[in-house]
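Novice: The structure that follows is given in the form of C-alpha cells.
What follows draws every value from the coordinates through simple rules; no lab data is involved. Values in this document were obtained by computation on a predicted structure and should not be read as measured data. Methodologically, a virtual Cβ is constructed for each residue, glycine included, from the backbone with ideal geometry; neighbour enumeration extends over all protein chains shown.
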Amino acid sequence: MRVPETNPKIPMLSPSLYETDFYAWTQEQVTLLRNEQWSQIDLQNLIEEIQSLGKQQRQELRNRLSVLIGHLLKWQYQSQYRSRSWLATLRIQRLDIAELLEENPSLKPYLEEGLRKAYLKGVELAVGETDLPKRIFPVEFPYSLSEILNYDFYPGEPSKLVDESEQ
C-alpha cells in the first residue's frame, strides 16, 4: 500500500491552544497581556471571547427574568399551590437581577427588550410546571417593569405566605 505524499510547501496546521485547551489559552493570553507582548496575542479569538462575555451577561439577565416571570405567572394563576419555595424563587431572582444590573448598569436600557424575550420563556416555564393551558396566559406581558422588580409586588390575591415571611 502506497502512502500519499504530502506537499512540503503546504504547512500542516496543528490545532491551536485555543481549540485544544481553552483554559490554558486564557492563562496564556493573560500572561501575554500583562507582559505587553502585543504581537503574540491571539487577537481574533480574544476579540471573539470578549464579545461573547457581553452576550452572556444579556443572556443571564433574560434567564433570570424568565424564571421570575414564570413564577409570577404561577403565583397569579395557581394561587392555591403557592409555597415558600415559589416565594423564595421570586425573591432570589429579584435580588440576582438587581445585583446583575448593579454590576452591569449598561444592561438597564436592554431591560424592555429582554422582558419581551423573557416573557415567552416565562410562559413556557409556567405551562410546563402547571396543568394550565398556554392560552390562559396573556399574549402581551401583563406586568410593568417596575412591578416585576418590586420586592413587594405579588400578582393576584394577597397571600399569607408573604406576610408570614416578613416576621
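Novice: Debye sum, Cα scatterers, the chain, no solvent: what log₁₀ I/I(0) at q = 0.13, 0.15, 0.20, 0.21 1/Å?
Specialist: Evaluating at q = 0.13, 0.15, 0.20, 0.21 Å⁻¹ gives log10 I(q)/I(0) of -0.75, -0.87, -1.24, -1.33.
Novice: With +1 on the Cβ of every Lys and Arg and -1 on the Cβ of every Asp and Glu, and nothing else charged, how large is the dipole of segment 55-166 about its Cα centre, in debye rounded to the nearest 20?
Specialist: 440 debye
Novice: Using Cα positions and a limit of under 17 Å, work out the lysines in reach of LYS55, with same-chain residues fewer than 8 apart set aside.
Specialist: Output for LYS55: LYS108, LYS117.
Novice: Mind checking which aspartates and glutamates have their C-alpha under 19 Å from LYS121, skipping anything on the same chain fewer than 8 residues away?
Specialist: GLU60, ASP96, GLU112, GLU113, GLU129, ASP131, GLU140, GLU147
Novice: Same structure again: Where a Cα-Cα gap under 18 Å defines reach, which aspartates and glutamates qualify for LYS134, not counting those fewer than 8 residues away within the same chain?
Specialist: GLU124
Novice: Say the dipole of the chain comes from +1 at the beta carbon of Lys and Arg and -1 at that of Asp and Glu; which of ASN150, ILE47, SER106 then lies farthest toward its positive end?
Specialist: Farthest along the dipole direction, towards plus: ASN150.
Novice: Is it possible to state the helix-based mean residue ellipticity at 222 nm for the chain, with each DSSP H run of 4+ residues giving -39500 (n - 2.57), the sum divided by total residues, to the nearest 500 deg cm²/dmol? What is it?
Specialist: For the chain, the value works out to -20000 deg cm²/dmol.
Novice: Which one, ILE136, THR89, LEU17, is farthest towards the positive end of the dipole of segment 1-146 when Lys and Arg carry +1 and Asp and Glu -1 on their Cβ?
Specialist: Value computed over the given set: ILE136.
Novice: Which Cα, out of GLN80, SER66, LEU33, lies furthest along the positive dipole direction of the chain (beta carbon charges, K/R +1, D/E -1)?
Specialist: Farthest towards the positive end: GLN80.
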